[in-house]
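**Q** Have a look at this one.
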Amino acid sequence: MAAAGNTNKFLEDINEHLECSICTDQLKDPRTLRCLHTFCLICLEKWMTKKGTLTCPTCCKTYNIPEGRLKSLAPNTFLNNILETVQHFSEKNNKNCVCGMGGEVESYCQDCKEYICSTCCTSHKGIPALRSHKLYSMNEMKEMSSIPIASLHPSQCEAHSKPLEFYCKDCEHLICVNCTILGHRDCEGRQKPIGTSELFKAFTETLTELEKDANTFTTELENSLKEILEINTGLEKNKSKSLQDIEDYVQETTKTIKKNGETMEKQVKTIYEKKKKEIDEQISELKKTISDVNTKLNLLHKLLKGNEVSAIESGKMIVKALTDRIKNAPTTHPIDDGQIYFCQIKEQFIQLKLMDTEKTADYLTLQANAPVIEGETMEVKVRKQKECEVDATQLNATWSTQEGLEEVKFEEENGEYVLTRKCTSPGNCRLDVTVDGKHIINSPMTITVLKELINSIKLDYGGQDVLKCDNDCLLVSCQTKEILKYKTSGEHIGEITLPQCTRVNRMFKMKNGEIIFSDRGKRCITICNMNGKVIRTFSKRRGLSSPEGIHVDEESNVVYVANGYNGTVAYNISSGQVIHKWSQPDICVMDVTFTNQRQILILTSHHGLQLTDNDGRPIKVLVEASDNDVGKLTNPRAVVVDKDDNIIVSCYHNVQLFDKDGKFIKVIGETKWALGLCIISCMHQPRTIAVIDQYNKALKIFNY
């Protein structure tokens, strides 16, 4: 009866894991979606047929229907093991020792998979062939949770019914000892077995690093959530204060102003509702993400306490889900400051008492694109409503900096009033605009002028290329076997070491975290991971003459390589086969990239920047080549495209910014012999870019 009691406890412990939320019955042939929710295969098929799409019944996330339909989804081996264990224990209910002598069950033999009495237990320990068998007392089994009990019945090889003690690195499957000798169907004799203990150790190390990243990620989310909750509290206070200010304003004015006050009250409520909705959505997203990460971490910890094979089989999907969740992080910076600026200037109340009929300032609004970068010319506008009749000469404006105060003038353009001003010094400036002594809406306005050069990181070697990585990290290549790691603050935090004779030139980081680069030493294309392990090398025997810039189209699994005077070559990443190869007479190709519309941009040293079709035929020249002319390209080296299709090109003397049609916008920073470059941030103003300045042996980071 001890076994029966243990079975009941076991079933209670894992009941939540064994029920399908669709049919509310015990799982049959469980299949798990990427959100880690599990259902019966037949229930999931019926659900998909009913809905017309593959949507998770629990969290409502939608996925593409896989090839081979739902049968191609990986079985949940962890739950299958638990179900098998439940069945095994149920069959053993109310049975005596396997010897048939009627003795009271004392232990359970994991190797024999049988309950045994005290006499048989003594025999196990006395017979040499049975001494290695693992025995568990009934008291020990009563204390076991679901994962240790499920581990008593690990998966076995389907072909040989042997324990899965090895892992084939060729086909990435768990195999038994017979498979290592006789082979198995997936490898056809090419098996490369390693022990599961060795694999489990590497798996544990990976999970340890992932846990660190997840904990850091969770801490950042929690800190952001705390900050946003504080802003949300301030928003409530600002709402009350703004509404009270408006009420005071209404009481101090005439009936006409009171009407205006009601309009202003509606505006504040509209602003509040908009801000409140955005902040609530961000709070919800952060809480949801934190919960999701913690859930996946808890599941990983449970797996590590169980059987190694079960952990490896089930852990892949969880590691993938957790890694994707961390990479696809929500915005952690507050999306709003929670402030509502309305009737904050008390002097206006006094003016309103004295100027019952003066409304001009209430119809004028000050607008500016801020912040701005030093050296740029900013544009400030005063917009007016139709009811307003005012001349530019009636606008009184002052510009205040640390150097002092200066009067400035607006010019009328197309019914608006415009002020253009070049910002030469970093810091905060203040612009006051008044009409008849009264501030217009949004005045005074604080305008922040940012430094163009954020940081200059000294390099021991002349760098070649720079790549943005995760966690505020930049990777720098120097045509050596090492890829250097730096924080954007300038701190050197390590390197990625590759095999001898490697000379890393230009790089590209793929979505799976792997780095693909052109190797000037071996004249080939190489793919490695963040630990420096070479995953794949191709084009080596085909002899790239001068591999320079590269760009990966992950949608089509193709890498494009700029190959000097031999034009551009496109390879299939999986097979390494040449897909396209094109060149133009006397044209040296230095770099290649895509526009956001997936058109190919080819950067050449003598013919400038060309827009081409997918077969390499020029459509048009966007930017011409020239000697030392700003707005044209002199000995260009690298090209990138930001989210607005603005084009950035590094050249011998400078880095230049163009719009999508090739129209010159500005020179970014001061560099000489500018080589590789990458965009660090282009989601918010200002945007930032990293550039290799080989002349000064520096990695420079600019606002642009």
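Just so you know, all these numbers are worked out from the coordinates, no wet-lab data involved. Computed from a prediction, not measured in an experiment: that's the story for all the values here. Cβ: placed from backbone, ideal geometry, glycine included. Neighbour counts: every protein chain shown.
**Q** My understanding is that a pair violates if its Cα-Cα distance is over 31 Å; which of 277/485; 511/581; 28/142; 61/266 do that in this structure?
**A** 277/485; 61/266
**Q** Using a basic spin-label model with each label point 7 Å from the Cα along Cα→Cβ, how many nm lie between residue 624 and residue 510?
**A** Spacing of the two 7 Å Cα→Cβ label points: 4.1 nm.
**Q** Continuing with the same structure: Give me, ordered by chain and number, the residues 5 or more places off residue 579 or on other chains with an amide H under 5 Å from its own placed amide H.
**A** The answer is 570, 571, 572.
**Q** Return the aspartates and glutamates within reach of residue 672: Cα separation strictly under 18 angstrom, same-chain partners fewer than 8 residues apart disregarded; answer none if there are no such residues.
**A** 452, 460, 465, 627, 629, 693
**Q** Let me ask another. Which value at 222 nm does the chain reach when only helices count, each DSSP H run of 4 or more adding -39,500 (n - 2.57), with the total divided by all residues and rounded to the nearest 500 deg cm²/dmol?
**A** The per-residue figure over the chain is -9500 deg cm²/dmol.
**Q** Pull out a ≥ b ≥ c, the square roots of the eigenvalues of the alpha-carbon gyration tensor of the chain, then state rounded if a/c is under 1.5, prolate if not and a/b is larger than b/c, and oblate in the remaining case.
**A** Oblate, since a/c reaches 1.5 and b/c is not below a/b.
**Q** Moving to a separate point now. Which one of 646, 702, 592 has its Cα pushed farthest toward the positive end of the charge dipole of segment 562-704, where Lys and Arg give +1 and Asp and Glu give -1 at the Cβ?
**A** Toward the positive end, the furthest listed residue is 702.
**Q** Another question, if that's okay. In the neighborhood of residue 73, defined by Cβ-to-Cβ distances under 13 Å, what is the net charge if each Lys or Arg adds +1 and each Asp or Glu adds -1?
**A** The answer is +1.
**Q** To continue, here is another question. Once both axes come from the Cα atoms, what is the angle between helix 308-327 and the longest principal axis of the chain, in degrees from 0 to 90, rounded to 10?
**A** Taking the Cα atoms of the chain, the angle to 308-327 is about 10 degrees.
**Q** At q = 0.26 Å⁻¹, what log₁₀ I(q)/I(0) does a Debye calculation on the Cα points of segment 622-704 give, no solvent, two decimals?
**A** Per q value, in the given order, log10 I(q)/I(0) is -1.36.
**Q** Return the inverse of the average 1/r over all pairs of distinct C-alpha atoms in segment 424-560, which is the Kirkwood hydrodynamic radius, in Å to one decimal.
**A** Evaluated on segment 424-560, it is 17.8 Å.
**Q** Something else now. Please list the radius of gyration and Dmax for segment 355-442, considering alpha-carbon atoms only, with Å as the unit.
**A** Final numbers for Rg and Dmax: 13.5, 44 Å.
**Q** Cross-link candidates for residue 71: which aspartates and glutamates have Cα within less than 13 Å, leaving aside residues fewer than 8 places away along the same chain?
**A** Candidates past the 8-residue exclusion: 29, 45.
**Q** Still on this model: A 27 angstrom limit on the alpha carbon distance is what I want to check against. Which of 226/422; 509/620; 241/438; 487/509; 46/327; 51/226 exceed it?
**A** 226/422; 509/620; 46/327; 51/226, as the Cα separations exceed 27 Å there.
**Q** Beyond 18 Å between alpha-carbons counts as too far, so tell me which of 113/134; 287/320; 162/305 fall in that bin.
**A** Pairs exceeding the cut-off: 287/320; 162/305.
**Q** To continue, here is another question. What does the charge count near residue 504 come to, summing +1 for each Lys or Arg and -1 for each Asp or Glu among other residues with Cβ under 10 Å from its Cβ?
**A** +1
**Q** Rounded to the nearest 20 Debye, what is the dipole magnitude of segment 531-594 about its Cα centre when Lys and Arg each give +1 and Asp and Glu each give -1 at the C-beta?
**A** That gives segment 531-594 a dipole magnitude of about 460 debye.
**Q** Reachable lysines from residue 522, Cα under 17 Å, same-chain residues fewer than 8 places away excluded?
**A** 481, 533, 540
**Q** Also, quick follow-up: Tell me which of 463, 369, 431 sits at the most positive position along the dipole axis of segment 369-469, charges placed on C-beta atoms (Lys, Arg +1; Asp, Glu -1).
**A** 463
**Q** How far apart, in nm, are two points set 7 Å out from the Cα along the Cα-to-Cβ line at residue 288 and at residue 402?
**A** Result: 4.5 nm between the two label points.
**Q** Then there is this: How much FRET efficiency would the formula 1/(1 + (r/R0)^6) give for residue 111 and residue 46, where r is the Cβ-Cβ distance and R0 is 56 Å, rounded to 0.05?
**A** After rounding to 0.05, the efficiency reads 0.85.
**Q** So who's got an amide H within less than 5 Å of the one on residue 521, skipping anything under 5 residues away but keeping other chains? H placed 1.01 Å off N, in plane.
**A** So residue 521 has HN proximity to 503.
**Q** Next question. Given segment 528-607 reduced to its alpha-carbon atoms as identical point scatterers, what log10 I(q)/I(0) does the Debye formula return at q = 0.13 Å⁻¹?
**A** Calculated log10 I(q)/I(0) at the listed q: -0.41.
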